[in-house]
Amino acid sequence: MTQKFLWGVATSSYQIEGAVDEDGRTPSIWDTFCATPGAVSGGDTGAVACDHYHRMPQDVALMKELGVDVYRFSLAWPRIQPDGRGPGNPAGIAFYDRLVDELLEAGILPWITLYHWDLPQALEDAGGWPARDTAHRFADYAAIAYDALGDRVSQWTTMNEPWCSAMLGYVHGQHAPGRKDVRAGMAAVHHLLLGHGLATQVIRDRADAAGRADGLEVGITLNLSHKIPASDAPADLAAARWDDGMSNRLYLDPLLRGAYPEDIAGKLAELGCPLPVRDGDLEVIGQPVDVLGVNYYTSRVVRAAPAGDNGWPASTSVARDVERTAMDWEVTPEALTDLLLRLDSDYPGTTWYITENGAAYPDVADENGYVDDADRERYLRAHIDAALAARAQGVDLRGYFAWSLMDNFEWAYGYDRRFGIVRVDYETQERVPKRSARYYAERIAAEKGARC
Ligand code: FCB
């Protein structure tokens, strides 16, 4: 296999930046959600987070020390285009200008995610993702972002984990905007995917016009998970298939096959929550992507459960006797190999990246702030091995990003869960690389050495 393999770290805007009301940024749905009593553990907010907005050069220097090839970060839509409409905001764009330049100066490839969940609140007030217009607003924002940064950035991810935006945000209410409306959630699924397609067109058109189509890589990142039936009983097989359909195929199929999976779309319509597809939408959503990003954390053994009164298929998880992270997620690296092999066989010809993988553990820092996180090191090693095993079996996997560069605001869990390979002391904002960061740096160096 001669394809280059990129090693990276990932973060997202709201989780690290802070500076929520500086330089013209307007509130996002996460600012509003954090201000809702009881929504986020400990009443935490992203108002300061890792103060990355002010400490960016130091954070890029940290990445350089780790020896990563690439940094995946997201743009805050309400910084770039306050209120989600109208012209770009030069002061907000200037931050990402500086970040991109700093990265290039350090020899690190910038990889931009346009949407990692911080929708301008003004757009939520206008209906949010359940409203079709939001997909068009997203394409306008993509145009502004590409015009500002496309001369230096070739890697563009439209959406991060639309499943989380739609299901956690609009169905279960655990993430911003905290709505609990399954019909709205299914509309959000479709409009997030439509937004992806429209933004992809905009970026490609602009890259073409500027003579930069060569080397451009546009794609989307999904959170995918291997769903394992608890037994061969038809009910368990059907439950696992439904779970796989709602979490994986509902996104993969329209993106990579140009059609929603019939079993899922049909059942959703029957349940009164249809996907609001209009003529031509699936061509937009299903246009070719250069990259499909996979965020992988765990897998699930699925057992059928009696359907509820509302008629929705139900299931329970069967606990396995394996290690669990501080999120209570089972550590199942072998399922990552299985997932990648399955993706490669069901969606041949796709280029894959692991755009997130990592773990929260109950870190304990010594007097110097150092964390001897053997557990996280073990997690990373096992998952990198599992990813490379799939690559060795022919999967076109081109890179791996550790989540996350540093501890940060873990959404509804606030600062209570630490995923970083670098510790952040939230009192002093001091950054101290953990044992897992040393491991990751050594692994990258060794892997690169092995390829020379
Ligand atoms: C993913 C998110 C990321 C982070 C990790 C732990 O679902 O994309 O922001 O919260 O989980």
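The values are calculated or read from the model by the stated rules, or taken from the named source; none is laboratory data. As the structure is a prediction and not an experimental result, all values here were calculated from the model. Here the Cβ positions follow ideal geometry from the backbone for every residue, glycine too, while neighbour counts run over all protein chains shown. Quick note on the areas: whole protein, heavy atoms, side chains included, nothing else; ligands and nucleic acids left out. Shrake-Rupley method; radii C 1.70, N 1.55, O 1.52, S 1.80 Å.
What do you reckon, is A233 out of contact with any Asp or Glu (no Cβ under 6 Å at 6 or more places or on another chain), among the hydrophobic types (A, V, I, L, M, F, W, C) and over 28 Å from Y400 (Cα atoms)?
Yes: the conditions hold for A233.
Can you tell me which residues in segment 225-237 are open to solvent by less than 40 Å² (accessible area, probe 1.4 Å) and of a type in the set (D, E)?
Of everything in segment 225-237, just one residue is open to solvent by less than 40 Å² (accessible area, probe 1.4 Å) and of a type in the set (D, E), namely D236.
Is it true that V48 is crowded, with 24+ Cβ neighbours inside 10 Å, on the phi < 0 side of the Ramachandran plot and outside any helix (DSSP H, G or I)?
So V48 does not fit the description; no.
Would segment 364-375 turn up any residue that is within 14 Å of the ligand (Cβ to nearest atom) and in contact (Cβ under 8 Å) with a residue 40 or more places away in the chain?
no
Going by the structure shown, is A359 closer than 28 Å to D44 by Cα, of a type outside the set (D, E) and surrounded by 17 or more Cβ atoms within 10 Å (Cβ to Cβ)? Quick ask: steps written out before the conclusion?
Values: closer than 28 Å to D44 by Cα: yes; of a type outside the set (D, E): yes; surrounded by 17 or more Cβ atoms within 10 Å (Cβ to Cβ): yes.
For A359, the condition - closer than 28 Å to D44 by Cα, of a type outside the set (D, E) and surrounded by 17 or more Cβ atoms within 10 Å (Cβ to Cβ) - is met.
Any residue in segment 143-158 that's farther than 18 Å from G88 by Cα: show its pairings with residues that are among the polar types (S, T, N, Q) at Cβ separation under 8 Å, as long as the two are six or more apart or on different chains.
Cβ pairs passing all conditions: T157/T113; T157/T221; T157/T355.
Where the second residue is surrounded by fewer than 24 Cβ atoms within 10 Å (Cβ to Cβ) and basic (K, R) and the first is farther than 16 Å from W77 by Cα and lies in segment 174-202, which pairs have Cβ atoms under 6 Å and are six or more apart or on separate chains?
Within 6 Å, the pairs are H191/R132.
I need the full set of residues from segment 96-120 which are among the aromatic types (F, W, Y) and more than 18 Å from L62 (Cα to Cα), in order please.
Y115, W117
Can you tell me which residues in segment 287-323 are within 21 Å of A240 (Cβ to Cβ), open to solvent by 20 Å² or more (accessible area, probe 1.4 Å) and either under 19 Å from the mean Cα position of the chain (by Cα) or within 16 Å of the ligand (Cβ to nearest atom) (or both)?
Y297, T298, R300
Checking A441 against (1) within 13 Å of the ligand (Cβ to nearest atom); (2) touching a residue at least 24 places away in the same chain (Cβ under 8 Å), which test does it fail?
Exception for A441: condition (1).
Could you please give the count of residues in segment 156-173 that are farther than 13 Å from L75 by Cα and open to solvent by less than 40 Å² (accessible area, probe 1.4 Å)?
Residues meeting the conditions: 11.
Considering each of N408, N357 in turn, give the residue that is touching a His at 6+ places or on another chain (Cβ under 6 Å) and within 15 Å of the ligand (Cβ to nearest atom).
Working: N408 fails: touching a His at 6+ places or on another chain (Cβ under 6 Å).
Testing whether each residue is touching a His at 6+ places or on another chain (Cβ under 6 Å) and within 15 Å of the ligand (Cβ to nearest atom) leaves just N357.
List every residue pair whose Cβ atoms lie under 7 Å apart, where the two residues are 6 or more positions apart in sequence or sit on different chains, the first residue falls within segment 88-99 and is closer than 17 Å to D21 by Cβ, and the second residue, located anywhere, is among the β-branched types (V, I, T).
Matching pairs, first to second residue: N89/I80; G92/I80; I93/I80.
When the residues of segment 238-269 are narrowed to those that are in contact (Cβ under 8 Å) with a residue 40 or more places away in the chain and open to solvent by 30 Å² or more (accessible area, probe 1.4 Å), which ends up farthest from D338 (Cα to Cα)?
K267
Do we have any residue at all in segment 103-117 that's within 16 Å of the ligand (Cβ to nearest atom), surrounded by 22 or more Cβ atoms within 10 Å (Cβ to Cβ), among the aliphatic types (A, V, I, L, M) and over 15 Å from G24 (Cβ atoms)?
Taking segment 103-117 as the starting set, the residues that turn out to be within 16 Å of the ligand (Cβ to nearest atom) are 111-117.
Now narrow it down to the ones that are surrounded by 22 or more Cβ atoms within 10 Å (Cβ to Cβ): 111-117.
Checking which are among the aliphatic types (A, V, I, L, M) leaves us with 112, 114.
Add one more test, that the residue is over 15 Å from G24 (Cβ atoms), and what stays is 112, 114.
Yes, because at least one residue in segment 103-117 is within 16 Å of the ligand (Cβ to nearest atom), surrounded by 22 or more Cβ atoms within 10 Å (Cβ to Cβ), among the aliphatic types (A, V, I, L, M) and over 15 Å from G24 (Cβ atoms).
Residues of segment 228-271 being out of contact with any Ser or Thr (no Cβ under 8 Å at 6 or more places or on another chain) and charged (D, E, K, R), which ones?
D232, D236, R241, D244, R249, D253, R257, E262, D263, K267, E270
Please work out which one of (1) within 16 Å of the ligand (Cβ to nearest atom); (2) over 21 Å from A139 (Cβ atoms); (3) not in a helix (DSSP H, G or I) is the condition F33 fails and give its number.
(3)
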